Amino acid sequence: MLNGISESGSDVVGSFISQLQAFQNRVKELEAENSKLSSQISKCCCHKTEEMQNGSDVESFKQGVESQRKNAGGDKTRKKKTIERNPGYDLKIMTHHSKRYVALKVMYFGQRFYGFASEAQMDPTVESEIFKALEKTRLLVGDRKESQYSRCGRTDKGVSSVGQVIALFLRSNLKETDGNHKISGELIPEAQIEGEIDYVRVLNRVLPSDIRILGWSPVSIDFSARFSCLAREYKYFFWRGNLNLSAMENAGKKFLGEHDFRNFCKMDAANVHNYRRRITQFEISSSNMSFEGGQLCAIKVKGSAFLWHQVRCMVAVLFMIGQGLESVDVIDILLDIEKTPRKPQYAMAPETPLILQSCEFEDVKFICSSDSGQALRIHLENEGRAYQLQSAIFQEAALSCLPLAKDQSLFNDGTIKKVTSHISLLCRPTEPSYEERRGKLNSRR
């Protein structure tokens, strides 16, 4: 009897094992079928993408993307970083296309962005918007690492640029062929330009209104937007008011040459150990723009590289000198780290008037087609007119304000502040020195 029960149990187990193997085989069959269908869909998506980039369905594609974006949540700006992908778009699918290494010259109005770089935990950033546009236009080849992406500078929150430069691999219209006239998928030669995708036109159609591509240039694969840069130039706009421009210019000339600028930056002792930088040009100029009798001026600073917040710190001290609150000689004292190893505490100049004016490279000439250039100029002129209308509204509001209180005065930067006594920079509390910061960091290890 026991033998009969044992044989019955063995039959049940054998039956279950047989059913399990059948299920496993069926799962494998379904996975293979699913992979085959996915491959077919991917090929269809790529074929459709090519047609749209050739101009036949660009408008309908844009309308479809816009509709999907609105349905997914509209135009709400989110501070928390989110990753947005286009439906049906797989970066791996694009790797079989011809590609070329390209430098892009980027302009952006930084007021609404949390800086340029997208490593921050806040959105939007300029970089995140650019990569969204690259994905929407199917120009991106692989992920960011595979595209060999580099940027020239990391401008901070609120800072603008008319000359930022980035570099990465982008999809190309040109086809490299082998001996059998088949597409080889290799890199397109730098000199080959005719018939290429108009990167300026394609990207500017999908970028937000405060970001624009000004030009593109083919570059060699050993090019780095950061390390190949020969010089960077910044401009800082300000209203002249009662500032002593002559004293500011004399003080600014002291920055020329190579100095240790640790007292003119936000120190990052964990990552930066050399604070010597070379300034090659400094000048203050007046523009033809004015407001209510006030003259708009600009400080131009050019150098090979800059420290974190360096320009804004330099400008802050120059403003104190222009107001007669500090001597011109304070620049020499702050540049002498033997006498002044610790930075006095002072507020940086505001970020909004600062722009990255240009980034210089050897043998890099940016291209912009006549049609794209005309569309770009029209767009920028329209944006300028829109801001001038806003300025007119603020001007009307200012005329309607009540008179200033007796304990207030209108400062040169256009902001109303209470009159306070100035404390000399050399008498202020100081921040920890570089050595003290490093010692604290080492003690935590």
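The values are calculated or read from the model by the stated rules, or taken from the named source; none is laboratory data. Because the structure is predicted, anything quoted here is derived from the model rather than measured. Counting neighbours? That spans all protein chains shown, and the Cβs are built from the backbone with ideal geometry, glycine included. Heads up: the accessible areas ignore ligands, DNA and RNA and are worked out on the full protein's heavy atoms, side chains in. Shrake-Rupley method; radii C 1.70, N 1.55, O 1.52, S 1.80 Å.
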Gyration tensor verdict on the stretch 224-374 (Cα atoms; rounded if a/c is under 1.5, prolate if a/b is larger than b/c, oblate otherwise):
oblate
Once THR340, THR352 are ranked on solvent-accessible area with the largest value leading and a 1.4 Å probe, the list reads THR352, THR340
Using the Cβ atoms and a cut-off under 9 Å, what net charge is assigned to the surroundings of LEU354, where Lys and Arg are +1 and Asp and Glu are -1?
0
Portion, in percent, of the accessible area of the stretch 108-172 that falls on carbon or sulfur, probe 1.4 Å:
51
Simple label model, 7 Å out from Cα along Cβ direction - LEU325 to ASP222, nm
5.0
Would you please give the FRET efficiency between GLU360 and LEU426, computed as 1/(1 + (r/R0)^6) with r the Cβ-Cβ distance and R0 = 41 Å, to the nearest 0.05?
0.70
Reported to the nearest 10 Å², ILE197 has, with a 1.4 Å probe, an accessible area equal to 10
May I ask you to compute the full-extension gain from LEU296 to ASN274, defined as 0.36 nm times their residue separation minus their alpha-carbon distance, rounded to one decimal in nm?
4.4 nm
I'd like the accessible area for TRP308: 1.4 Å probe, protein heavy atoms, all chains in place, Å² to the nearest 10.
110
Computed from the beta carbon distance with a Förster radius of 41 Å, FRET efficiency for ALA347 and HIS379 to the nearest 0.05 stands at 0.70
In nm, to one decimal, how far is the modelled label at GLN24 from the one at LYS175, with both set 7 Å along Cα→Cβ?
4.6
Subtract the Cα-Cα distance of PHE237 and LYS266 from 0.36 nm times their separation in residues, and report this length gain in nm to one decimal.
8.3 nm
Accessible area per residue of the stretch 230-363 at 1.4 Å probe, in Å²?
46
How much solvent-accessible surface does GLU146 expose, in Å² to the nearest 10, with a 1.4 Å probe and all protein chains in place?
110
Would you mind checking LYS343/LYS440; LYS132/LYS235; LYS302/LYS343; LYS300/LYS343 for any pair whose Cα atoms are more than 20 angstrom apart?
LYS132/LYS235; LYS302/LYS343; LYS300/LYS343
What is the stretch 230-363's relative contact order, in percent, from Cα pairs under 8 angstrom and six or more apart in sequence?
40
Can you give the extra length, in nm with one decimal, that the chain gains between SER370 and SER209 once fully stretched, where that is 0.36 nm per residue apart less the Cα-Cα distance?
56.0 nm
